[in-house]
Every structure is written in structure tokens, then in C-alpha cells.
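Trainee: Dumping the structure here so I can ask a few things about it.
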Amino acid sequence: MVALETPRLNPIIEVRHLHKQFGAQVVFEDLNLDVYEGEVLGIVGQSGGGKSVLLRCLNGLERYSAGKISFFGQDTAQMSGKDLRHVEARSGLLFQDGALFSALTVLQNIQVPMREHISLPKNIMDELAYLKLALVGLPANAAHKYPSELSGGMRKRAGLARALALDPKIVFLDEPTAGLDPIGANEFDMLIRDLQRTLGLTVFMVTHDLDSIFAICDRVAVLADKRIVRTGTPSELTKDPGHPWIKSYFCGERGRRAQGTAQTTS
Amino acid sequence: MASYDQTEDQQTGYSLFGSKGGVSSRPALEWSEGGDGYSLRIFGDWQVRHVRRIANEIKKLKCGTADAGPKDLIVDMAGLSGLDTAGAMLILDMNELLKSKGFAPKIINAREADQILFELISRHPRERDDVDVKSSMLLNLVRDLGETVLSIGRDIIEITAMIGQVTLSLLGLVIRPWRLRFTSLVHHLEHAGLKAVSIISLICFLIGAVIMQQSVEQLRAYSAEYFSIDMLGILALREVGVLLTSIMIAGRSGAAFTAEIGSMKMREEVDAMRALGIDPVETLIVPRVLALVIALPLLTFIGNIMCLAGGAFIAYQVMNIDLQSFIERLNDGVDIRHFYVGLIKTPFVALIIGIVGTLEGMRVQGSAESLGTHVRASVVKSIFLVIILDAAFAMALTAMGI
């Protein structure tokens, strides 16, 4: 089941002719991509193909050699410090292993963006943090645990809660369901879909999870051959792959199984 | 090219970063009591960045308590220009507050997206797990004191145990020399030993010069400047060379060992070794300790020479004593036993720094804070133990007349 059909509107993010290399190794060149408001965009590609690097470039964590990235029509390279902080406060990022601050408890971790960007009364901050905790499916007793005391799946959920702390407009997720049990992964899918519908959340999701892709992605962009070779809805890509890698990805055994599941549950 | 202040979110109808027109709408509540009942109108952006104002508005709400039975209350959301989970949570909290005051709130004019949001929030039971952090300062002081004493006891036991384990491994190496991790040993010899030569030389040279200069100054009053050479020789060879080298190596290599092994522990590399049947003591700890035991006496020797060289330099500058005479005076005035006394301490010092450093590394837990704490403890403990060892040797050897 695909999420609500959203009419394609202004792109939140426009990437043009992006070029990135580490030493002599070119990760991607002439990469073009648009991310539209309110959509859930899945990014798929080979392991080591540059998906995480792309995610990091979009968030300003990696410098790129050439090209332009625009947020809301403004070139990020030209933005003032104040505008950049404005954008940062409005976007959330989930790292692959959660990247929680190891010296803070889970609750304090979730409250970090709140403390950093706005000032809230303590009791409301606690209440809000507990709410986010519950939304991502963590039990209340996880609140005072330290990241080293959590399992991998719980760390990821805590990282997601922190990324969603300020109800960002766009959230970047790096393999959010990797390591989650099927129940947890499904709850995650449902949460993202609900937030998309209620808050108009835009989601940029690097993923390998075919079930997530068929369940909630409006569009999928395929990173292969050092650029985005195709974008389209998951069903479009399945019916008409147009590229050998896409074909084996979506039409291979796992792909067909995932599609079958998605169809029977929708 | 729209600026994000004015971009509209088609999904919810609210604008992306604020109200339509680029001006943020202040959250406000309007209470009215009419003939046909009570009503509460909500205005503005009820979003996380306005939470403080929202909380104030709710606090300022003068609604009184309904006297008889739950009074119907219409909560009108038509004037709302922005809503997120924080705002929705506060609206639901406000409704609970009104219910406790005897009203029966009913929300009207909520958009579909808002309703889904309310449902999303209500679906999750909002339990809390608050921890009470009340304790008296005196109690904490006593508790800290107790914990410190206990941890010193633990340290003594664990260091002794580790010395035992390392000794066992070394004895094992005597019987089975092929089990020595030779590459690792050479690597640590290079980093802990060779790469420290320049810094040790420099600091020993400078301190040698300083000691010489001060001795000359003080002995001048007794016309005994010439004996400053004796004093420098004995001090440098017996104490200063060893101490300076050990403190520098404790800071340099001791901290490095703790940080290396600590990070490996944090990343579960040590567990992976154990799972593969590799003994971490043999692989990580023995090469490091052995490298220090080999390197430290050599470094101390170099340190001693440089200390004397610093003194010779000052002797030339201040007393016009050339190198030949300086060396002659050293030979006459300073017995060779002082050199041996200094050097005999070095293997023990190496053992202390190596074992404390690696032991603290193995104790690191999962957080960055833990790593910092243990690196700090490693340097402080090793320097402290080295100085205690030095004092013990000094007393013992002096008592023996050496």
C-alpha cells in the first residue's frame, strides 16, 4: 500500500550535478535528484555505492567537489550561518547506529535538540520527551538508561526519537529498519506514514528494506553507476526496471515476496 | 523561488515554517461564556517553538470550576494556523485539565490531519519513569570516601593479579618463544621507545641545565661552585633521569595504551578476540609491557646523558669549564654505583606504567566519558606509583648504604 497520493509540488531539496570523490575514487558524478514536499523518498543502491555519502553531503557533513544543493530554493553553500541553523533546526537525521551521546541518558538525548534550539519549561520538556519515546515504541523505563545499556534496535529507536524531537519538516534516515525485528520495523513504517499524513513530514530514507519500500515509499531513487539512474514509484520500478541492477533488486526473489506481502496487506 | 517562510505545506494546509504571510502567529486562547454554554477558541501556531507561550496561555486561563455536573465546553480549533505533536500534546493536556475542573470538552473544527495527530498521541499510554535524586551532601561525601577506599583495595588486587598474569605469559614465552607477537612488540618499541627519544632528550637537557645553574648559584656563597658538577651527576643519574623519563612515558605511552585498549573494548574487539580463542593478555598486554621494559632503561640512559650534557653546557657558559674538565670532575666526584642505582629502578617503573595503562584500558565501559575517566586515572595512578617506588628505593638503598 502506497501512502497518500501527494500531488508533486515544489521540491524541498534540489541536487544538481553533484560530484564527490575520496582521493582518486569517485563516489558519484553528475548526480541529480529532487526531493518533493511531503513525500517519502527511498534511496536504494549497492552496498558501498555512495548512499550514505549522499546523505552526509545533503546534511553538510561531507564536502562535495562540484555541484549544487538547494534547500527550499536556496543554495546551501551560499546560506548565512543563521539560515543554516534555521534549516538544521527543521531537519532531523538518524544515523545508522543511532549515534546517541554516550554520556547522556535516552531521555536527555531526546531533549538535546529541544535545549539547543528553543527554551522549554522542564516539565513540558520531560513530558514531550516521554511522548516521543512512546511514539517510537520504547518503554518508559528506557528513559533513564544510557546508550551503552541498550540493544541495537533500541538505540536506533532512541536515535529516531531524537531526530523527531522538534517535529522537523524533513527527516533523513540511514537504514532505519536494519536490525529491527519485523514487529518493530512495521511499527516504524506506520509511524512514518502517520507523521507524513499529520505533519506533512518529508522523509529521505536510505534503505535496503524492501518491505518498507513497498509499504510506505512514494518514490524510490536508485543510485547506481555513480548517479541516480532512475526514480519512480516502487510499482513502476518493478514493472519497468530499465536497468539490470534494478531488475534483480525489485524482481528478484526477495522483491517478489515483499511485493506479494505488500499487496495482500493493502 | 519561494523562501521557506512562505512555503505552504499542501498536506496539512499549514505553512512550512510559520503562518501564511511569513509572520508567526502568536498562540492565544479565548474563553467565552455565553448563554448557550462555554467555548474556548484556539488561535495561532501551536508548535514546539511556541511552547512557553502556550503554557502561559493555558496557565492564564480563568475558567473557574463548573459547579454542578460536567458542563459542555466547545473547543474551537478554527483559528489554529499551525499544529505539531508538542502543540497537540498540550491541547490534549489542556482538555484533561478542563475535565478535572468539571467540564466536558468537545473539539470542533479540527482538520483531518489534526485528528489523526490527536489519535496518534492518545494511542500511546504516557507512562513516566521518574527517578528521585534527593540525597544529602554529607552522605554523598561519606559514600564517596568509602567508594574510594574500596576502589583502592580493588586496584591493589587487580594490579597484583595482572602482574601475575603477565608474568605467567612471559614465562610461557620462555618455554614457547614462537608465541611472542614479535611484530606487535617491535611496533610498540618504535612508538613508545624510538619516537620518545627526541622529547626525552630535550626535557632532560633542559632540566640538567636548570639544576646545574641553580646549584652554581647556591654553592657560590660557599665558593664551592665546582662541586655543583658532583651534585648534578648524582642527582641526574640517581633520580632525575629516571623520574623525568618515567613521567613523560607515563603521559605518552601509558595514556596511549589505555586509549587504544579502551577503544577496542568499547567496540567489542576484545570480546571478538576472546570469541576466536585469542588471549587478550598475550596479544595486547604482553607486547606493550615488554616493549616498555626494554625501552625504558634505554630511554633513561639517553635521558641521563642529556641531563649531564645540559649541565656541561651551563658549566661552560657560567664557570668556563670545558667538556674535558667536566668529564674528569664527573669521574672523580661521582661513583658509578649512582648510575646503577638509577637504572635498577627502570624495569619496575616500566612494569608499573605498562600494567596500570593496559589494566585501565580493559576497564573502559561503553561511553566516551568512561574512556576519559580511565585514561586520566591511568596517567595519575602510574605517575603516583612510580614516585612511591622511587621513594621506597631511595629509602631502602640509602639504608643499605648504596
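The values are calculated or read from the model by the stated rules, or taken from the named source; none is laboratory data. For clarity, every value in this text was computed on a predicted model and none was experimentally measured. Here the Cβ positions follow ideal geometry from the backbone for every residue, glycine too, while neighbour counts run over all protein chains shown.
Trainee: Would you mention how many residues in region A:80-130 are under 28 Å from residue A:207 (Cβ atoms), within 23 Å of the chain's Cα centre (by Cα) and either among the hydrophobic types (A, V, I, L, M, F, W, C) or more than 10 Å from chain B (Cβ to nearest Cβ) (or both)?
Mentor: Number satisfying all stated conditions: 25.
Trainee: Please enumerate the residues belonging to region A:131-144 that are in contact with a helix residue (DSSP H, G or I) (Cβ under 6 Å, 6 or more places away or on another chain), more than 7 Å from chain B (Cβ to nearest Cβ) and part of a loop (DSSP other than H, G, I, E, B).
Mentor: Scanning region A:131-144 gives A:136, A:137, A:138.
Trainee: Specify the residue that is farthest from the other protein chains (Cβ to nearest Cβ); the eligible residues are those in region B:14-38 that are surrounded by 15 or more Cβ atoms within 10 Å (Cβ to Cβ) and at pLDDT below 50.
Mentor: It comes out as B:19.
Trainee: Sticking with this one: How many residues, within region B:349-367, are more than 15 Å from the chain's Cα centre (by Cα) and over 13 Å from residue B:159 (Cβ atoms)?
Mentor: Residues in region B:349-367 being more than 15 Å from the chain's Cα centre (by Cα) and over 13 Å from residue B:159 (Cβ atoms): 2 in total.
Trainee: Looking only at region B:96-141, how many residues end up being polar (S, T, N, Q) and either in contact with a helix residue (DSSP H, G or I) (Cβ under 9 Å, 6 or more places away or on another chain) or within 13 Å of chain A (Cβ to nearest Cβ) (or both)?
Mentor: Selection size over region B:96-141: 3.
Trainee: Let me ask something else about it. I'm told residue A:186 meets every condition in (1) within 14 Å of chain B (Cβ to nearest Cβ); (2) at negative phi except one. Can you identify the failing condition by its number?
Mentor: (1)
Trainee: Would you mention how many residues in region B:111-127 are in a helix (DSSP H, G or I) and either of a type in the set (A, V, I, L, M, F, W, C) or free of Cβ contacts under 8 Å to residues at least 24 places away in the same chain (or both)?
Mentor: Count: 10.
Trainee: What residue, among those in region B:39-56 that are surrounded by fewer than 23 Cβ atoms within 10 Å (Cβ to Cβ) and in contact with a strand residue (DSSP E or B) (Cβ under 6 Å, 6 or more places away or on another chain), is farthest from the other protein chains (Cβ to nearest Cβ)?
Mentor: Result: B:39.
Trainee: Name the one entry in B:321, B:327 that is more than 46 Å from the chain's Cα centre (by Cα), aliphatic (A, V, I, L, M) and surrounded by 17 or more Cβ atoms within 10 Å (Cβ to Cβ). Walk me through how you get there before you give the answer.
Mentor: Values: B:327 fails: surrounded by 17 or more Cβ atoms within 10 Å (Cβ to Cβ).
The unique qualifying residue is B:321.
Trainee: Could you check region A:217-256 and list, in sequence order, the residues that are in contact (Cβ under 8 Å) with a residue 24 or more places away in the chain and over 14 Å from residue A:44 (Cα atoms)?
Mentor: Those that are in contact (Cβ under 8 Å) with a residue 24 or more places away in the chain and over 14 Å from residue A:44 (Cα atoms): A:235, A:254.
Trainee: Could you please find all residues in region B:128-159 being of a type in the set (Lys, Arg), surrounded by 10 or more Cβ atoms within 10 Å (Cβ to Cβ) and not in a helix (DSSP H, G or I)?
Mentor: Across region B:128-159, the qualifying residue is only B:128.
Trainee: While we're looking at this one, here's another question. I'm checking my understanding of the structure. Among residues of region A:60-79 that are out of contact with any Phe, Trp or Tyr (no Cβ under 7 Å at 6 or more places or on another chain) and within 12 Å of chain B (Cβ to nearest Cβ), which one is nearest to residue B:48 (Cα to Cα)?
Mentor: This residue is A:71.
Trainee: Just name the residue that is modelled with the lowest pLDDT out of those in region A:1-45 that are away from chain B (no Cβ under 14 Å) and outside any strand (DSSP E or B).
Mentor: Here the residue is A:1.
Trainee: Kindly check whether there is at least one residue in region A:201-216 that is within 14 Å of chain B (Cβ to nearest Cβ), out of contact with any Lys or Arg (no Cβ under 8 Å at 6 or more places or on another chain) and either part of a helix (DSSP H, G or I) or buried (at least 24 other Cβ atoms within 10 Å of the Cβ) (or both).
Mentor: Looking through region A:201-216, at least one residue is within 14 Å of chain B (Cβ to nearest Cβ), out of contact with any Lys or Arg (no Cβ under 8 Å at 6 or more places or on another chain) and either part of a helix (DSSP H, G or I) or buried (at least 24 other Cβ atoms within 10 Å of the Cβ) (or both).
Trainee: Starting from residues that are surrounded by 21 or more Cβ atoms within 10 Å (Cβ to Cβ) and of a type in the set (A, V, I, L, M), keep the ones in region A:16-40 and report whichever is farthest from residue A:90 (Cα to Cα).
Mentor: The selected residue is A:27.
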